[in-house]
Amino acid sequence: VQLQASGGGLVQAGGSLRLSCVASGRTFSRDVVGWFRQAPGKEREFVAAFWRGGATYYADSKKGRFTISRDNAKNTVYLQMNSLKPKDTAVYYCASDRSIILSSITSPQYYSYWGQGTQVTVSS
């Protein structure tokens, strides 16, 4: 199982980016898929996730600005990020797991598979 995250880059504050996470060797539609981010010197934090059946979950601070979506035909999950702020600067990771329980969806240690990360830098 491999996850490939892409779409990061340098953007000015207020701009947008769409991250992609493509899975190979696995049918993504059966997984819980999450996006996390990690800024320098900080712990990895939850951003958004798809629960089984398609329900979506967001970190409170990301609601309204970030949107998680998926294309099952492409085995891809996206993270649309709008109104970006300098504090959104981080490496963004996608992760998946089939055994995770709902109460653990925001905890990175319960995800088995991880992409390599994509850097997002927001300039002021």
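The values are calculated or read from the model by the stated rules, or taken from the named source; none is laboratory data. If you're wondering where the values come from, they're calculated on a predicted model, not measured in any experiment. Because the Cβ atoms are built from the backbone with ideal geometry, glycine has one as well, and the counts that use them run over all protein chains shown. Surface areas here come from the heavy atoms of the whole protein model, side chains and all, with no ligands, DNA or RNA. Shrake-Rupley method; radii C 1.70, N 1.55, O 1.52, S 1.80 Å.
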(message) Just checking: which of the strands (runs of 3 or more DSSP E) contained wholly in segment 1-70 hold 1 or more residues that are at pLDDT 95 or above and over 19 Å from S104 (Cα atoms)?
(response) 2-6, 9-12, 17-24
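Yes/no per residue for (1) at positive phi; (2) not in a helix (DSSP H, G or I):
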site: Q80; (1), (2): no, yes
site: S83; (1), (2): yes, yes
site: Y93; (1), (2): no, yes
site: S96; (1), (2): no, yes
site: I100; (1), (2): no, yes
site: T106; (1), (2): no, yes
site: Q109; (1), (2): no, no
site: Q116; (1), (2): no, yes
site: V120; (1), (2): no, yes
(request) Check off (1) open to solvent by 20 Å² or more (accessible area, probe 1.4 Å); (2) closer than 19 Å to S124 by Cα; (3) not hydroxyl-bearing (S, T, Y) for A90 and give me the number that stays unchecked. (result) (1)
(message) Given the criteria small (G, A, S), out of contact with any Leu (no Cβ under 8 Å at 6 or more places or on another chain) and surrounded by fewer than 22 Cβ atoms within 10 Å (Cβ to Cβ), does A49 qualify?
(response) no
(message) For T106, only one of the following conditions fails: (1) within 24 Å of G15 (Cα to Cα); (2) of a type in the set (S, T, Y); (3) open to solvent by 40 Å² or more (accessible area, probe 1.4 Å); (4) touching a residue at least 60 places away in the same chain (Cβ under 8 Å). What is its number?
(response) (1)
